[in-house]
Amino acid sequence: MGRLDGKTALITGAARGQGAAAARRFAEEGAKVLIADILDDEGKALADELGALYQHLDVSSEEDWTAAVDRAVTEFGGLTVLLNNAGILHFSELGKTKLADYERVIRVNQIGAFLGMRSVVEPMSNAQNGSIINVSSVEGLAGMPFLVAYTASKFAIRGMTKVAALELGPKGIRVNSIHPGMIDTKMVSEAAGGVEIDTSWVAKKVALGRAGQPSEIANLAVFLASDESSYSTGAEFVADGGATATHALKV
Ligand SMILES: NC(=O)c1ccc[n+]([C@@H]2O[C@H](COP(=O)([O-])OP(=O)(O)OC[C@H]3O[C@@H](n4cnc5c(N)ncnc54)[C@H](O)[C@@H]3O)[C@@H](O)[C@H]2O)c1
């Protein structure tokens, strides 16, 4: 028996990285999965491999959200899990951060998570059952230089999670945030314009002395999507190798 048997899940940013790892684990555990992303070729290939569905979804678009949630409800007969995972990063010092870059990050990370949560209130309320998992970051718990927009968006996700948990608890919907530390994906190199960046020196400074793997965050998402986490809502789940265990980086 799978830990997610009977669950129907929409995962954003699921064509690669942590979203793809979650799609794999969710499918292995018996969930019906809708993989959503703007990377259509990668997303379709993964969906074919897993026997999942693929839907183009730009998380900053209201119309795309309506279409994606309608598709999940129509094809799966309902929607009980939302993993708001899509996210982008932008490095720049505060004094040089362009408004357009700040707004771009907020639109995807913060407005995307808001639109996603809003879109699933109706189907999850109808089911009187749901788990919304919002991917924040350790940058939703503490600041990081050169990441003003990203940090703002991840703090916002942490706050929105709590508001949603309070409003939606009576409808049987749980809402939690995940706070990964440095995870081995393409996010950093993509933000650097496709250039490979050596982040190993940062990873070595956390208690566990390494970066995390996408599967390690996916396992946390499985727990939160499943009924095993039935008394958890409005909470912050940190998986950061110990990065936030101290007020200073380990020497
Ligand atoms: N990698 C890390 O170190 C790290 C740490 C903490 C939190 N996070 C968060 O984890 C989440 C997943 O990131 P990742 O590490 O897998 O990075 P990634 O870059 O590999 O994956 C991000 C995915 O989001 C998709 N995406 C980007 N813009 C989108 C949009 N407008 N609409 C829909 N999809 C969009 C991308 O196409 C990609 O598939 C993000 O929210 C990120 O902020 C990452």
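Taking the longest Cα principal axis of the chain as reference, the axis of helix 112-127 is set at about 20 degrees.
Rounded, prolate or oblate for the range 158-251? Axes are the square roots of the Cα gyration tensor eigenvalues, ordered a ≥ b ≥ c, and the cut-off for rounded is a/c under 1.5. Prolate, since a/c reaches 1.5 and a/b exceeds b/c.
In this calculation the C-beta distance from residue 45 to residue 199 is compared with R0 = 35 Å, giving a FRET efficiency of 0.85. To the nearest 10, the accessible area of residue 93 is 90 Å² with a 1.4 Å probe. Approximating the spin labels as points 7 Å out from Cα along Cα→Cβ, the residue 162-to-residue 75 distance works out to 3.7 nm.
Rounded to the nearest 20 Debye, what is the dipole magnitude of the range 40-174 about its Cα centre when Lys and Arg each give +1 and Asp and Glu each give -1 at the C-beta? Intermediate results must be reported in sequence, preceding the final value.
Numbers: 12 positive and 17 negative charges, 146 e Å.
Dipole magnitude for the range 40-174 comes out near 700 debye.
Under 5 Å from the amide H of residue 237 lie the amide H atoms of 177, 178, 179, each residue being 5 or more positions distant or on a separate chain, with H modelled from the backbone and absent for Pro and chain starts. Relative to the longest principal axis of the Cα atoms of the chain, helix 214-225 runs at roughly 40 degrees. Evaluated with a Cβ-only charge set (Lys, Arg +1; Asp, Glu -1), the range 133-235 carries a dipole of roughly 260 debye about its Cα centre, given to the nearest 20.
Across q = 0.14, 0.17, 0.19, 0.21 Å⁻¹, the range 1-108 modelled as identical point scatterers on its alpha-carbon atoms has Debye log10 I(q)/I(0) values of -0.55, -0.75, -0.88, -1.03, in the order of the q list.
For the chain, the Cβ-based charge dipole about the Cα centre amounts to some 760 debye (Lys, Arg positive; Asp, Glu negative; other atoms uncharged). The amide H of residue 183, built 1.01 Å from its N in the peptide plane, has 212 as neighbours under 5 Å, considering only residues 5 or more places off or on other chains.
Put simply, the amide H of residue 88, placed in the peptide plane, has neighbours under 5 Å in 109, leaving out anything fewer than 5 places away on its chain. In terms of accessible area, using a 1.4 Å probe and ignoring ligands and nucleic acids, 146, 76, 114 rank largest first as 146, 114, 76. Find the centroid of the Cα atoms in the range 18-70 and in the range 171-247, then give the distance between the two in whole Å. What the calculation gives is 20 Å, centre to centre. The 1.4 Å probe gives accessible areas that order 38, 173, 183, largest first, as 38, 183, 173.
Between beta-carbons, use under 11 Å as the cut-off and find the net charge around residue 135, counting Lys and Arg +1, Asp and Glu -1. Counting the neighbours of residue 135, the net charge comes to +2.
Legend: Rg and Dmax of the chain, from Cα coordinates, 17.2, 54 Å.
With 0.36 nm allotted per residue and the present C-alpha distance subtracted, the residue 223-residue 144 stretch has 25.6 nm of extension available.
Would you mind classifying the range 93-176 by shape? Square roots of the alpha carbon gyration tensor eigenvalues, ordered a ≥ b ≥ c; an a/c under 1.5 is rounded, otherwise it is prolate if a/b is larger than b/c and oblate if not. Prolate shape, in that a/c is at least 1.5 and a/b is the bigger ratio. The apolar share of the surface of the range 177-239, taken as the fraction of accessible area on carbon and sulfur atoms (1.4 Å probe, ligands and nucleic acids excluded), comes to 56 percent.
Provide the net charge surrounding residue 64, with neighbours chosen by a C-beta distance below 14 Å and charges set as Lys +1, Arg +1, Asp -1, Glu -1.
On the way: positive: 71, 107, 118; negative: 37, 40, 58, 62, 63, 70.
That sum, taken over residues with Cβ under 14 Å, equals -3.
When only Cα pairs below 8 angstrom with a gap of at least 6 residues are kept, the range 11-61 shows a relative contact order of 36 percent. If a spin label sat at a point 7 angstrom from the Cα of residue 93 along the line to its beta carbon, the backbone N atoms of the range 143-175 nearer than 12 Å would be those of 146.
With the Cα gyration tensor of the range 62-135 giving a ≥ b ≥ c as the square roots of its eigenvalues, does the rule (a/c under 1.5 for rounded; else a/b larger than b/c for prolate; else oblate) give rounded, prolate or oblate? Don't skip to the end; give the middle numbers.
Working: a/c = 3.55, a/b = 2.70, b/c = 1.32.
Here the range 62-135 falls in the prolate category.
Ordering 57, 39 by accessible area with a probe of 1.4 Å, largest first, what comes out?
Working: 57 5, 39 55 Å².
Final ranking, largest accessible area leading: 39, 57.
Say the dipole of the range 131-246 comes from +1 at the beta carbon of Lys and Arg and -1 at that of Asp and Glu; which of 183, 238, 223 then lies farthest toward its positive end? The one lying farthest along the dipole's positive direction is 238.
Peptide packing: for 85-91, 226-232, 164-170, 10-16, the average count of neighbouring Cβ atoms within 10 Å per residue gives the ranking 10-16, 85-91, 164-170, 226-232, highest mean first.
The values are calculated or read from the model by the stated rules, or taken from the named source; none is laboratory data. It should be emphasised that the depicted structure is a prediction, and the values quoted were computed from it without experimental measurement. We place every Cβ from the backbone using ideal geometry, glycine too, and count neighbours over all the protein chains shown. With ligands, DNA and RNA removed, areas are computed over all heavy atoms of the protein, side chains included. Shrake-Rupley method; radii C 1.70, N 1.55, O 1.52, S 1.80 Å.
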